[in-house]
4 protein chains.
Amino acid sequence: MSIYKIIRETAYEANMELPRLGLVLFTFGNVSAADRDEGVFAIKPSGVPYKDLSPDKMVIVDFDGNTVEGTLRPSSDTKTHAVLYKHWEGINGIVHTHSTYATSWAQAQMDIPIFGTTHADHLTVDVPCAPPMSDEMIKGNYEYETGFQIINHFTELGYSHHEVEMILVGNHAPFTWGKTAEKAVYNSAVLESIAHMALLTRQINMHSPKLKDALIKKHFERKHGPDSYYGQ
Amino acid sequence: MSIYKIIRETAYEANMELPRLGLVLFTFGNVSAADRDEGVFAIKPSGVPYKDLSPDKMVIVDFDGNTVEGTLRPSSDTKTHAVLYKHWEGINGIVHTHSTYATSWAQAQMDIPIFGTTHADHLTVDVPCAPPMSDEMIKGNYEYETGFQIINHFTELGYSHHEVEMILVGNHAPFTWGKTAEKAVYNSAVLESIAHMALLTRQINMHSPKLKDALIKKHFERKHGPDSYYGQ
Amino acid sequence: MSIYKIIRETAYEANMELPRLGLVLFTFGNVSAADRDEGVFAIKPSGVPYKDLSPDKMVIVDFDGNTVEGTLRPSSDTKTHAVLYKHWEGINGIVHTHSTYATSWAQAQMDIPIFGTTHADHLTVDVPCAPPMSDEMIKGNYEYETGFQIINHFTELGYSHHEVEMILVGNHAPFTWGKTAEKAVYNSAVLESIAHMALLTRQINMHSPKLKDALIKKHFERKHGPDSYYGQ
Amino acid sequence: MSIYKIIRETAYEANMELPRLGLVLFTFGNVSAADRDEGVFAIKPSGVPYKDLSPDKMVIVDFDGNTVEGTLRPSSDTKTHAVLYKHWEGINGIVHTHSTYATSWAQAQMDIPIFGTTHADHLTVDVPCAPPMSDEMIKGNYEYETGFQIINHFTELGYSHHEVEMILVGNHAPFTWGKTAEKAVYNSAVLESIAHMALLTRQINMHSPKLKDALIKKHFERKHGPDSYYGQ
């Protein structure tokens with residue numbers, strides 16, 4: 001039995017959640033699940049329809065992007081996942097989708113403003129949108145550089161990847177992550193909902209004010225602070 | 001057998017309607033059902049996925065927000081429900097959701113204009129949006145104060161909670177209520193539909209006039225007046 | 001066996017199509033099916049959920065709006081159906097819904113412009129929107145007058161109810177009709193699609209030109225003219 | 001056994017995908033599958049509901065639009081398919097739908113701008129919108145001329161039908177094609193997604209810049225170039 005059985009199954013289950021949650025068309029998305037003790041992650045094979053997936057089709061890749069186990073080619077976004085796992089400790093799941101509303105904000109190259117408590121329940125700042133990469137980065141090791149574009153944008157903003165678990169890559173689409181692959185998928189669905197409601201909020205009132213600090217703090221802390229009282 | 005069996009089952013059934021009606025993502029919503037003779041209500045436990053709910057997992061809480069029966073932590077919005085039950089007689093069900101369109105109007109901090117008969121079949125005024133709370137209220141007993149923010153806004157507007165069974169809380173999301181939990185859930189779905197169509201109505205014609213008084217009166221009375229002739 | 005068995009079953013089947021086509025929330029819609037030989041129509045009972053309907057619950061009503069057979073109260077819109085059957089020969093099915101997009105155009109009090117061939121496949125003119133009724137009409141026999149408002153608007157426009165099988169009633173919602181109840185339901189779904197796409201068309205290009213005459217004529221005639229070649 | 005068994009089954013399966021993908025209302029769409037050795041294609045019969053289709057109901061037509069086998073009348077758009085097969089070598093599947101978002105761009109008579117990588121993964125240019133045809137073309141052999149309108153627009157733009165597998169016909173709706181009927185259906189769903197996100201992108205930021213050349217080139221080539229690394 002493969003020592004990667006658990007991450008294969010975790011990655012499989014998490015990938016299958018994407019179509020159930022309405023976050024992907026065809027194969028336009030991928031989830032990975034990491035095993036930090038082994039220094040690897042399991043990721044969806046490239047271009048394989050969700051209905052044809054199974055745990056044993058997940059590809060095992062190390063944090064430099066080299067395939068460790070598996071006969072299929074891994075997702076074309078694999079190197080982006082590898083870079084994030086390598087440089088950001090504590091995350092064990094990453095999701096990339098082209099979900100409709102989040103991708104549209106990415107295409108518009110705009111941060112998603114924090115307009116309400118649904119947003120503040122999950123992060124205290126606008127959802128950041130990293131600018132499109134330089135031509136040099138694109139022409140080079142593109143997916144590898146995408147990972148650095150994400151990390152660099154967080155560094156510039158002074159954000160922690162533990163506190164903000166989602167980003168838009170300008171002109172492209174969202175990435176989310178979390179302590180588990182399940183949490184990363186959850187974040188992708190939350191992001192899509194936030195993106196949808198932020199668009200509608202501005203359509204209703206172009207001058208909608210952002211959430212005030214007291215509400216941001218309150219909602220985030222009731223879910224995430226030391227005195228959190230949401231959940232069991 | 002628990003004396004709370006009926007409200008446990010009522011609250012359970014009403015909560016399960018929310019995902020069926022497309023009003024919640026994950027656990028972003030809750031329904032309670034009250035037993036006024038016992039001075040308690042049954043409410044969804046906090047953060048438990050809908051698929052894992054059962055009647056016995058509902059938490060029994062009194063009108064001051066104290067848990068009376070149940071091992072799980074009740075919804076984080078429990079105190080808002082308690083305040084409304086305590087101060088507004090005659091309501092036996094309350095619903096809170098983050099449904100997409102109603103929440104977007106709440107985020108835009110705008111009342112939903114009464115544009116058509118679908119709206120007038122249910123209430124004769126714009127759906128009110130309470131302003132965001134003061135920082136003091138937010139930092140204090142937040143969910144408790146949310147209940148008072150709702151009640152105070154109705155008092156200021158001179159509205160009866162029997163005639164208007166829904167409100168938006170600015171920057172946050174909608175609350176609805178009714179004589180039964182089932183009616184409160186019904187009101188949440190109606191509100192979402194009204195919110196969606198009001199947005200579209202203004203997109204089609206930014207200068208859409210509100211419904212005229214004669215139509216408001218007629219439609220409301222055919223469903224609710226002493227001479228109502230809708231339903232059986 | 002009731003002599004109304006066929007229209008009871010026809011009306012039942014046609015009503016059940018409305019939720020399947022996504023055209024109704026709860027009970028916000030109704031379909032009737034007429035038997036012109038008997039001078040009656042079968043219509044949905046008022047306020048009864050779709051899941052509880054059955055052919056025997058349909059109410060048989062004559063063209064003056066009087067119940068002929070059935071113990072339940074007929075749809076509150078029954079008199080509007082009666083007026084249309086009485087004054088417009090050749091129609092044997094009528095549908096009323098509060099479908100999202102068509103109702104939003106009705107609330108905006110605007111005709112739906114003919115922007116494309118999907119529209120022209122079904123009618124050669126903008127979908128007309130009748131103005132809201134006078135206060136006198138509303139305060140009087142409201143649903144009865146709604147029927148006349150529809151007929152009068154067609155008369156003013158010089159439209160034939162055989163050629164244009166749909167209308168919006170301003171501030172209210174759409175009505176459609178046809179030679180059969182099934183065709184009337186079909187028209188309701190077509191109208192909703194046309195209404196949705198017309199809104200999007202103007203959002204993409206506020207100055208979108210209407211369809212030119214040659215295309216209108218061609219598309220309508222390939223489905224409806226003496227030389228039609230659509231269908232079997 | 002018919003020598004057309006394979007294209008009958010291919011066309012049937014591909015047609016049945018349209019409602020599953022949410023691309024058609026009623027019968028407003030059709031797919032054909034060609035057998036170039038035999039010089040024919042199988043196409044959906046006109047106006048037959050999807051639930052009543054079967055492989056043996058597909059109509060076999062030659063590249064001049066003449067029925068070769070089958071008792072049902074072929075799709076009213078058959079001649080458009082015939083013209084494309086006759087003049088564009090290498091395509092073996094064609095799809096026509098009135099899908100909501102793509103059709104709305106066609107009604108607005110606008111190309112769909114290339115805003116993101118979802119678009120660039122499939123084509124390197126804006127999705128072209130052919131202008132409405134001249135009155136002479138419309139009054140003449142309309143569906144036949146529609147085929148030439150598509151071909152002529154590609155010629156004018158200098159586009160290859162191998163590189164760009166989709167077009168909008170102004171005021172009408174989209175056509176897509178591909179090496180197989182399955183690929184043509186895939187392209188229709190991709191087009192609908194692109195069309196939806198392009199509308200939202202402009203609603204979020206009316207001045208959204210188009211994708212820059214380096215990103216267009218990178219994304220297209222990773223899926224389609226000689227060094228492509230997407231898929232298995």
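Overview of values
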quantity	calculated
Breaking point among (1) in contact (Cβ under 8 Å) with a residue 24 or more places away in the chain; (2) in a loop (DSSP other than H, G, I, E, B), for D:Ser160	(1)
Yes/no for D:Thr180 being more than 22 Å from C:Phe115 (Cα to Cα), surrounded by 15 or more Cβ atoms within 10 Å (Cβ to Cβ) and of a type in the set (S, T, N, Q)	yes
Residues that are charged (D, E, K, R) and either at the interface with another protein chain (Cβ under 7 Å from one of its Cβ atoms) or under 17 Å from C:Pro113 (Cβ atoms) (or both), drawn from the range C:218-232	C:Lys218, C:Arg222
Selection from the range A:40-77 of residues that are within 11 Å of chain D (Cβ to nearest Cβ) and touching a helix residue (DSSP H, G or I) at 6+ places or on another chain (Cβ under 7 Å)	A:Pro45, A:Val48, A:Leu72, A:Ser76, A:Asp77
Residue satisfying all of: in the range C:132-154; surrounded by fewer than 17 Cβ atoms within 10 Å (Cβ to Cβ) and charged (D, E, K, R); nearest to the other protein chains (Cβ to nearest Cβ) among these	C:Asp135
Extreme residue, nearest to B:His87 (Cα to Cα), among residues of the range B:140-190 that are in contact with a His (Cβ under 6 Å, 6 or more places away or on another chain) and not aromatic (Phe, Trp, Tyr)	B:Ile151
Check on D:Ser193, outside any helix (DSSP H, G or I), at pLDDT 95 or above and surrounded by 15 or more Cβ atoms within 10 Å (Cβ to Cβ)	no
Flag for C:Leu18 being within 21 Å of C:Thr176 (Cβ to Cβ), within 18 Å of the chain's Cα centre (by Cα) and in a helix (DSSP H, G or I)	yes
Residue that is facing chain B (nearest Cβ under 10 Å) and either under 18 Å from A:Tyr101 (Cβ atoms) or in contact with a Lys or Arg (Cβ under 7 Å, 6 or more places away or on another chain) (or both), where the choices are A:His196, A:His172	A:His196
Unmet criterion (only one of (1) in contact with a helix residue (DSSP H, G or I) (Cβ under 9 Å, 6 or more places away or on another chain); (2) at pLDDT 95 or above) for C:Gly231	(2)
Tabulated pairs, the range B:25-46, first within 13 Å of B:Glu69 (Cα to Cα) and touching a residue at least 12 places away in the same chain (Cβ under 8 Å), second in a strand (DSSP E or B) and of a type in the set (S, T, N, Q), C-beta under 7 angstrom, 6+ apart or interchain	B:Phe41/B:Ser32; B:Ala42/B:Ser32; B:Ile43/B:Asn30; B:Ile43/B:Ser32; B:Lys44/B:Asn30
Condition check for A:Leu157: surrounded by fewer than 17 Cβ atoms within 10 Å (Cβ to Cβ) and either of a type in the set (A, V, I, L, M) or within 14 Å of chain B (Cβ to nearest Cβ) (or both)	yes
Any pair with Cβ under 9 angstrom, 6 or more apart, that starts in the range B:5-18 at a residue that is buried (at least 19 other Cβ atoms within 10 Å of the Cβ) and ends at one that is basic (Lys, Arg)	B:Arg8/B:Lys57; B:Ala11/B:Lys44; B:Tyr12/B:Lys44; B:Tyr12/B:Lys57; B:Asn15/B:Lys44
Long-range neighbours under 6 Å by Cβ, at least six apart or interchain, first residue facing chain C (nearest Cβ under 8 Å) and part of a helix (DSSP H, G or I) within the range B:200-215, second surrounded by 15 or more Cβ atoms within 10 Å (Cβ to Cβ) and among the aromatic types (Phe, Trp, Tyr)	B:Thr201/B:Phe115; B:Ile204/C:Trp105
Any chance A:Ile94 is within 12 Å of another protein chain (Cβ to nearest Cβ), touching a helix residue (DSSP H, G or I) at 6+ places or on another chain (Cβ under 9 Å), among the aliphatic types (A, V, I, L, M) and closer than 23 Å to A:Ala195 by Cβ	no
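Per-residue answers, yes or no, for (1) polar (S, T, N, Q); (2) surrounded by 20 or more Cβ atoms within 10 Å (Cβ to Cβ); (3) within 17 Å of the chain's Cα centre (by Cα):
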| site | (1), (2), (3) |
| --- | --- |
| D:Ile43 | no, yes, yes |
| D:Pro49 | no, no, no |
| D:Leu53 | no, no, no |
| D:Asn66 | yes, no, no |
| D:Gly70 | no, no, no |
| D:Ala108 | no, yes, no |
| D:Ile112 | no, yes, yes |
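The values are calculated or read from the model by the stated rules, or taken from the named source; none is laboratory data. Everything numeric in this text was worked out from a predicted model, so none of it was measured. Ideal geometry is used to build each Cβ from the backbone, glycine not excepted, and the neighbour counts take in all protein chains shown.
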